[in-house]
Amino acid sequence: FEPLLADVDFIRFNEFEDLSKIDDHTAGVIVESIQGGAGFIVPLPGYLKALQDRCHQVGALLILDEIQPGFGRTGSLFAFQQHDCVPDVLAIGKGMASGLPCGAIVASKSHMDLLSDRPKLGHITTFGGNPVVAAAALATLNVLIHSSLMSDVKSKEL
């Protein structure tokens with residue numbers, strides 16, 4: 001993950017004492033809610049909530065990456081929902097369209113309004129808006145929301 005932009009620092013996942021490194025100079029914290037590339041490390045109880053609280057305390061955005069664990073893979077639509085945590089910005093993808101290439105960010109209107117106004121969100125992709133992928137994403141959501149698939153996942157948890 002190198003080279004990094006200036007003033008990019010890391011904190012260790014699940015290390016509560018590292019949260020003190022998030023200060024009023026921190027613009028945002030980006031973290032996978034479940035560490036996929038690190039070996040599927042699940043957050044300790046209270047960690048994501050403490051991370052959210054610290055970010056809000058110093059005015060930093062909490063940006064959660066749910067690209068791998070999202071869309072029912074943990075027994076809820078998103079893994080963060082099991083941790084009393086609500087991110088300021090959410091990155092989603094992979095399972096979103098059942099194998100078709102699809103990704104998105106989700107944030108409040110007030111956060112999205114900050115991105116641009118000429119035009120709003122302007123040129124963000126050359127492949128965006130594909131109707132087949134959009135239909136697949138909608139079908140995926142319908143299955144997840146209207147079936148027992150997520151509760152079946154939860155019942156098989158190790």
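The numbers here are math on the coordinates, done by the rules we state, and not lab data. Note that this is a predicted model, so its numbers are computed, not measured. Every residue, glycine as well, gets a Cβ built from its backbone with ideal geometry; the counts of neighbours run over all protein chains shown.
Summary table below
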quantity: Mean separation of Cα contacts under 8 Å (6+ apart) over length of the chain, as relative contact order %; calculated: 19 percent
quantity: The stretch 16-155: equivalent-ellipsoid semi-axes (sqrt of 5 x gyration tensor eigenvalues, Cα, Å); calculated: 26, 23, 12
quantity: Lysine pairs meeting the criterion (Cα under 23 Å, 8 or more apart or interchain), as found in the chain; calculated: 6
quantity: Loop sites in the stretch 1-96: GluC sites (Glu not before Pro), DSSP, at most 14 other Cβ within 10 Å; calculated: Glu15
quantity: Most to least packed among 141-153, 84-96, 33-45 [average Cβ atoms within 10 Å]; calculated: 84-96, 33-45, 141-153
